[in-house]
Structure formats: structure tokens, C-alpha cells
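Here the structure comes first, spelled out in C-alpha cells, and everything after it is commentary.
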Amino acid sequence: MDKYINLTMQWGIKIIGAIAIYIIGKWIAKIITNIVKKLLEKSKVDITLVKFLGNLTYIGLLILVIITALGTLGVDTTSFAAIIAGAGLAVGMALKDNISNFGAGVLILFLRPFKIGDFVEAAGTSGVVDEIGIFNTIMKTGDNRVIIIPNNNIIGNNIINYSREKIRRIDLVIGVGYEDDLKLTKSTLEEILNSNPKILKEPAPTVALAELADSSVNFNVRPWVKSDDYWGVRSELLETIKQTFDEKGINIPYPQMDVHIEKTL
């Protein structure tokens with residue numbers, strides 16, 4: 001009889017201990033998870049990643065608590081942990097591409113090479129970032145196509161962010177004929193730049209002779225504008241330059257080749 005009483009007491013203590021470990025461990029897991037979330041939020045990490053890492057932290061800690069509680073009951077936690085590890089390895093092998101995309105998504109959300117609304121060029125595609133997910137990034141092109149790109153394709157290639165800086169430089173190469181007046185051409189280009197109200201005064205626009213090409217004398221025309229005005233101002237400048245050059249008799253030559261034929265006896 002005493003044997004059964006002692007056995008009942010031993011198991012009762014183990015069960016109470018396991019329950020206590022589970023309750024206290026779960027409470028501690030919540031506290032640690034909240035601390036992790038607050039630290040991530042202070043670091044200005046994307047809210048999607050904050051929630052995901054918070055849930056991941058909580059689940060990991062909860063599994064640890066459950067294994068500890070089972071160990072208190074006398075369960076062989078070594079084999080239990082091995083089963084979990086084996087299952088995790090199998091799932092990891094099956095979902096290796098998704099895991100790769102997940103890792104890339106974490107890097108994108110941490111490093112922030114772009115944000116929603118930026119116009120970027122990534123993975124061979126140009127468009128406005130519409131959504132940044134854990135596994136994929138969604139972009140919209142200029143003709144309103146929606147493109148879903150795996151994050152691993154983005155993080156493994158060059159990323160060009162056209163919207164990150166507030167101002168951009170327009171780089172134009174304007175060619176004129178060899179017979180045209182270079183001083184008149186340069187002053188005309190400078191007047192066009194100075195008369196456009198969307199072109200910034202600082203940094204100052206520049207006009208400089210670039211090269212003596214095969215068919216033309218080329219000028220580098222480089223004004224600075226707000227990033228939002230880039231394409232509009234670029235089109236305005238090309239139109240204005242063509243019209244002004246026509247009015248002033250400045251030629252924009254076609255590519256051409258002069259062939260000289262010598263007669264020999």
C-alpha cells in the first residue's frame with residue numbers, strides 16, 4: 001500500500017512540476033517575445049517581419065518549454081528532440097527554395113534596399129514596388145502589369161533604386177554638326193536649362209563638350225531635377241532643344257560617312 005502511495009506522490013509531484021514548468025515557461029516565452037518585438041520595432045524593422053519573427057521566437061521557446069516539461073515527467077526528450085530535428089531537416093529539404101526565398105525576404109526587410117512605392121530595377125524587371133512579402137516581392141510596371149518576383153532572385157542580383165534619393169541628374173548627349181558655331185550651341189543649351197523652372201539651381205546644371213565623334217560634335221547636358229520630375233523634364237528638354245536648334249539653324253546631324261574615291265590609271 002505504501003508503495004502505491006509513494007508512487008502516486010512521485011507522479012503527482014512530477015505532473016505538478018511539469019504543469020508549473022509549462023505555465024511559467026509559457027509566461028516567460030511571451031515576455032521574451034514581446035521584448036524581441038519591441039527591439040525590432042525600435043530598429044524600424046518592417047512590421048511584417050516583426051510579426052513573423054515574434055511568432056517564430058514564441059513557437060521556438062514554447063517547443064523548448066514543452067520538451068523541458070516532458071523531461072520532468074521522465075519522457076526521453078533526446079529521442080523526441082531527434083524526431084523534431086529529423087522532421088525539420090526533411091521539411092527543409094523539401095522546401096529549400098522557399099527557405100531560400102524566406103532568407104532573402106528577411107534580408108530585404110532588414111536592409112531595406114527599397115520600400116513600397118519606390119521605382120526600382122531588380123531581377124531584370126523595372127517597376128514600382130507594390131508589396132514586400134516574406135517569400136515574394138510584387139511590382140507593377142508602367143503599363144500596369146503585376147509581376148511577382150521570388151525574393152532570392154532579387155537579393156542575388158543588382159538592385160537599382162530610382163526613388164531613394166530626392167533628386168536625380170538627367171544625362172543627355174546632344175550632337176551638332178562640325179560646321180555649327182560651338183559657342184552659340186553651348187550658350188543656347190545653357191539658356192534652355194536656365195529657363196526651365198523644374199531644373200534645380202543647386203546642384204548647378206552643366207553643359208560641356210564631350211567628344212568629337214565621327215558624325216557630330218557631342219555635348220554633355222546634365223541638369224539636376226527632383227526625382228518625381230525626371231521623365232517629364234527629360235522629355236521637355238529634348239523637345240525644346242530640337243525646336244530651339246531649328247529656330248537658330250543649329251543642325252543635329254544624322255550618322256553619316258564620307259567616301260572619297262580616287263581614280264588610278
Which condition number in (1) modelled with pLDDT of 95 or more; (2) of a type in the set (A, V, I, L, M, F, W, C); (3) surrounded by 14 or more Cβ atoms within 10 Å (Cβ to Cβ) is the one that residue 208 fails?
-> (3)
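Just one of 261, 192 is surrounded by fewer than 19 Cβ atoms within 10 Å (Cβ to Cβ) and not assigned by TED's automatic domain parsing to the domain that holds residue 128; which is it? Walk me through it before giving the result.
Values: 192 fails: surrounded by fewer than 19 Cβ atoms within 10 Å (Cβ to Cβ).
On inspection, the qualifying residue turns out to be 261.
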Residue hits (the stretch 134-147; surrounded by fewer than 16 Cβ atoms within 10 Å (Cβ to Cβ) and within 15 Å of residue 113 (Cβ to Cβ)) are none
Restrict the check to the stretch 48-61 and report whether at least one residue is of a type outside the set (Lys, Arg), at pLDDT 70 or above and closer than 23 Å to residue 14 by Cα.
-> yes
For the stretch 148-171, how many residues are without any contact (Cβ under 8 Å) to a residue 40 or more places away in the chain, more than 30 Å from residue 221 (Cα to Cα) and exposed (fewer than 15 other Cβ atoms within 10 Å of the Cβ)?
-> 2
Return the total of residues in the stretch 182-204 being part of a helix (DSSP H, G or I) and either charged (D, E, K, R) or more than 23 Å from residue 247 (Cα to Cα) (or both).
-> 4
Kindly indicate whether residue 246 is surrounded by 14 or more Cβ atoms within 10 Å (Cβ to Cβ), at pLDDT 85 or above and assigned to a helix (DSSP H, G or I).
-> no
Near pairs, Cβ below 9 angstrom, 6+ apart or cross-chain, from the stretch 101-117 (under 15 Å from residue 164 (Cα atoms)) to any residue that is basic (Lys, Arg) and surrounded by 14 or more Cβ atoms within 10 Å (Cβ to Cβ) | 113/164; 114/164; 115/164
Which numbered condition trips up residue 153, out of (1) outside the structural domain of residue 119 (by TED's automatic domain parsing); (2) part of a helix (DSSP H, G or I)?
-> (1)
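Criterion first (modelled with pLDDT under 85, touching a helix residue (DSSP H, G or I) at 6+ places or on another chain (Cβ under 7 Å) and loosely packed, with under 12 Cβ neighbours inside 10 Å) does residue 92 satisfy it? Lay out the reasoning, then the answer.
On the way: modelled with pLDDT under 85: yes; touching a helix residue (DSSP H, G or I) at 6+ places or on another chain (Cβ under 7 Å): yes; loosely packed, with under 12 Cβ neighbours inside 10 Å: yes.
Considered against the rule, which asks whether it is modelled with pLDDT under 85, touching a helix residue (DSSP H, G or I) at 6+ places or on another chain (Cβ under 7 Å) and loosely packed, with under 12 Cβ neighbours inside 10 Å, residue 92 comes out as yes.
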Do we find a residue being over 18 Å from residue 174 (Cα atoms), modelled with pLDDT under 95 and surrounded by 15 or more Cβ atoms within 10 Å (Cβ to Cβ) anywhere in the stretch 229-242?
-> yes
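The values are calculated or read from the model by the stated rules, or taken from the named source; none is laboratory data. The model shown is predicted, which means the values in this text are computed figures rather than measured ones. Here Cβ is always computed from backbone atoms with ideal geometry, including for glycine, and neighbour counts include all displayed protein chains.
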